[in-house]
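Visitor: Before anything else, here's the structure in question.
The values are calculated or read from the model by the stated rules, or taken from the named source; none is laboratory data. It should be emphasised that the depicted structure is a prediction, and the values quoted were computed from it without experimental measurement. Glycine also receives a Cβ, built like all others from the backbone with ideal geometry; neighbour counts cover every protein chain displayed.
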Ligand code: DP6
């Protein structure tokens, strides 16, 4: 049995920050599915004598990687109940990213969704089912969530929403739901300013944990629900101004929550703040709809419609590239989601 899938990273607009139980989100979130930043994963499953544990070997970018292998055994042991076939097979997993490992880009969303898709595909083959359709993607999204929360949103084209939301039919805490925005967002750009490629001082998983004692947590979860309701309308109508306001509020709230955690911490750098000020000044002076968001790190994601790509490219050269480590900017776009690689 074997399966190969590629799956993209995603960038959240309303952020998932805080979780409980078995990888359940404290609030609903939504993201753009990206296209350039991708992971390609191949899994070969060979029958073995039934075992209680997961048995696998892992090769990353052509090299055996013992540290990732250990982490994967732990993660996949947590989904044996959902994918019981793993007790009867040894898995040879190999994986590579389209973006450099040390570029400061989160890879858990693309890597965990690509792996989940391969495993769900092998399970479907064993059951004689086709690895396609709504039920298949929903299961793959569910497994992705259990491996890394935000990964569940990567499997769908354009946008994925995750978490129960009153105004979104079919929404669930267990898996993401596809969301089709207004056409203007389908060709949106996401240029990532690599302010720093260093490893984060506090992981996202630890950050989620710190939300438990955060005095602003309850107000934050309510705000995220309000933001999502407003954003869904703006995304449907193509209302860029409301989109930008909510998206930037979310980015700064995420970092404010880190600063208000105990212990407090800061993932933004001086260059992140300077870039934010320059983007806002550019918008004020030109009236062009250029907005930013931040992940749990210092790098700024520039979000804008394709119609202003030339102006933004010029602005990056004159004002923003100097703020980036080694002048690095990674250009990405909203994309079509995960896909099976036929061999
Ligand atoms: C800031 O999905 O990386 O990117 O579930 O612990 O693996 P785990 O966390 P992760 O958290 C991502 C947080 C975020 C916001 C988001 O993508 O919604």
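Visitor: Among the residues of segment 160-197, which ones are closer than 17 Å to residue 308 by Cα and surrounded by 17 or more Cβ atoms within 10 Å (Cβ to Cβ)?
Guide: The answer is 184, 185, 186, 188, 189, 190, 191, 192.
Visitor: Now a separate question. Hey, residue 79 hits all of (1) closer than 27 Å to residue 192 by Cβ; (2) within 14 Å of the ligand (Cβ to nearest atom) but one; which does it fall short on?
Guide: Against the list (1) closer than 27 Å to residue 192 by Cβ; (2) within 14 Å of the ligand (Cβ to nearest atom), residue 79 comes up short only on (1).
Visitor: To continue, here is another question. Only one of 119, 126 is outside any loop (DSSP other than H, G, I, E, B), modelled with pLDDT of 95 or more, in contact with a helix residue (DSSP H, G or I) (Cβ under 9 Å, 6 or more places away or on another chain) and surrounded by fewer than 23 Cβ atoms within 10 Å (Cβ to Cβ). Can you tell me which?
Guide: 126
Visitor: Are any residues in segment 210-234 within 24 Å of residue 308 (Cβ to Cβ) and out of contact with any helix residue (DSSP H, G or I) (no Cβ under 6 Å at 6 or more places or on another chain), and if so, which ones?
Guide: 232, 233
Visitor: Return yes or no: is residue 70 surrounded by fewer than 18 Cβ atoms within 10 Å (Cβ to Cβ), free of Cβ contacts under 8 Å to residues at least 24 places away in the same chain and within 16 Å of the ligand (Cβ to nearest atom)? Show your work before the answer.
Guide: Numbers: surrounded by fewer than 18 Cβ atoms within 10 Å (Cβ to Cβ): yes; free of Cβ contacts under 8 Å to residues at least 24 places away in the same chain: yes; within 16 Å of the ligand (Cβ to nearest atom): no.
In short, no.
Visitor: Could you tell me whether any residue of segment 311-325 is within 16 Å of the ligand (Cβ to nearest atom) and over 18 Å from residue 189 (Cα atoms)? Let's see the steps before the verdict.
Guide: Looking only at segment 311-325, we keep the residues that are within 16 Å of the ligand (Cβ to nearest atom), and these are none.
Within segment 311-325, not a single residue is within 16 Å of the ligand (Cβ to nearest atom) and over 18 Å from residue 189 (Cα atoms).
Visitor: Here's something else I'd like to know. Within segment 241-264, how many residues turn out to be over 22 Å from the mean Cα position of the chain (by Cα) and either surrounded by 19 or more Cβ atoms within 10 Å (Cβ to Cβ) or not in a helix (DSSP H, G or I) (or both)?
Guide: Summing the residues that are over 22 Å from the mean Cα position of the chain (by Cα) and either surrounded by 19 or more Cβ atoms within 10 Å (Cβ to Cβ) or not in a helix (DSSP H, G or I) (or both) in segment 241-264 gives 5.
Visitor: Looking only at helices (runs of 4 or more DSSP H) that lie completely in segment 147-240, which have at least 3 residues being under 15 Å from the mean Cα position of the chain (by Cα) and in contact (Cβ under 8 Å) with a residue 12 or more places away in the chain?
Guide: So the answer is none; nothing clears 3.
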